[in-house]
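A short write-up of the structure that comes next.
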Amino acid sequence: MTKEPEVKREIKSSLFSYLFDQTKHFIDLYEECSGLRLSEEELRPFSLNSDFLARPFCNDTSQLTTDNRLLLMAEHLSSPMRNVAQRDILYYAGLIQQWLELEGKSLSRGPIFDILMPEFYVVYNGKKKFNSDYLTFGNSFLSVNAKLVDVNYENLKDKSPGNILAGYSYFIHQMEAKVAEGASRTKAFSFAVEQCIRHKFLRDIVEKEEFMVYSKAVLDFLYPTKEQLIAMELEEARLEARAEGREQGLEQGQLKSLVSQIHRKKLKGKTREQIIDELEMDESNFRLIDDFDSYTNLL
């Protein structure tokens, strides 16, 4: 049985963060996860800062209730990962540290205060099944429960075009279906955009220039064409040659300076040992004294 082609995970997670970092969109996601509908006035964005293509230690998306009571965290997964609860702990610790700094609070001085209580959600749109509804981690010191929410389009409670989560899931569903037919990911991405426009999903989002520029940057980074790879290799070679030229130029300049200093010492009648001592020369450069005539062209 041939393996079904999959859209690379980074496209899903990058698009997920792009959409749901915005409070007005996060509301639809949170309602699917918790069953509760919050207003924009009750939430504000609060995620670990990171560049969209390079997220070394950053959660996918999270929002803070404006009363500083709850930290709502949602991590995106396209394949089962049992250690996501452990990863949530690290994200939570980073977010708490960031919150303390922004609030001007200190754990080493001042009055006792409450810290943010978290709600952990794992938003999943892979094809393999998880064994349980909750991902857990626990020991005698700490325990974490992360609720698993399947957001594959066919499993959504609300599939209406106006729902941003439905739009995201529909977009990924269309893209994966096209890739499974053998289309390139770039063509599949364009097809998904066309289908969203036709069926009014992600209205006023997929047609925006910002979205298209962002999407192209992600695709070019993850799936460069042959021409782009050649261009990147040429640019890399050019930069390496430039750096090497600078290094050689620096070495040449240092060499000229040392030869000039040796020449002045010789004119003053300094011995070999005196020159080495006064210039604090390294043994690898003794040749400049012993074979000095070969380097006079640098003067």
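Read-outs throughout are calculated quantities, based only on the coordinates presented, and are distinct from any laboratory measurement. Everything numeric in this text was worked out from a predicted model, so none of it was measured. When we count neighbours, we look across all protein chains shown, and the Cβ atoms used for this are built from the backbone with ideal geometry, even at glycine.
I'd like to compare 176-185, 93-102: which one has the highest average count of other Cβ atoms within 10 Å, and what's the full order after that?
The densest-packed peptide leads the list: 176-185, 93-102.
Tell me which residues come under 5 Å, amide H to amide H, from Thr66 once H is placed; ignore anything under 5 positions away on its chain.
Leu43, Arg44
Mind scanning Lys127/Lys147; Lys147/Lys178; Lys128/Lys200; Lys157/Lys187; Lys159/Lys187 and naming the pairs with a C-alpha gap bigger than 21 Å?
Among Lys127/Lys147; Lys147/Lys178; Lys128/Lys200; Lys157/Lys187; Lys159/Lys187, the Cα-Cα distance tops 21 Å for Lys147/Lys178; Lys128/Lys200; Lys157/Lys187; Lys159/Lys187.
At a 10 angstrom cut-off on C-beta neighbours, averaged per residue, how do the peptides 199-211, 276-288 rank from highest to lowest?
Most protected by this proxy first, the peptides run 199-211, 276-288.
Quick one: Debye curve from the C-alpha atoms of region 9-223, no solvent, what's log10 I(q)/I(0) at q = 0.08, 0.09, 0.10, 0.12 Å⁻¹?
Result of the Debye calculation: -0.30, -0.37, -0.46, -0.66.
Starting from the Cα of Arg37, move 7 Å in the Cα-to-Cβ direction to define the label point; list residues of region 151-189 whose amide nitrogen is under 16 Å from there.
157-166
Residues of region 105-124 with backbone nitrogen within less than 15 Å of a virtual label 7 Å along the Cα-to-Cβ line of Asn68, please, listed as ranges.
Counting backbone N atoms under 15 Å from the label point, the list is 105-117.
Please list, ordered by chain and number, the residues whose modelled amide H lies under 5 Å from the amide H of Leu48; skip anything fewer than 5 residues away on the same chain.
Amide H neighbours of Leu48: Asn59.
Return the sequence-ordered ³J(HN,Hα) values of region 149-160 in whole Hz as given by the Karplus equation 6.51 cos²θ - 1.76 cosθ + 1.60 applied to θ = phi - 60°, using x for Gly and Pro.
Computed from phi, the couplings for region 149-160 are 10, 7, 10, 4, 3, 5, 9, 5, 6, 10, 9, 5 Hz.
Give me the one-decimal nm value for the distance between modelled label points at Arg82 and Asp282, 7 Å along each residue's Cα-to-Cβ direction.
5.3
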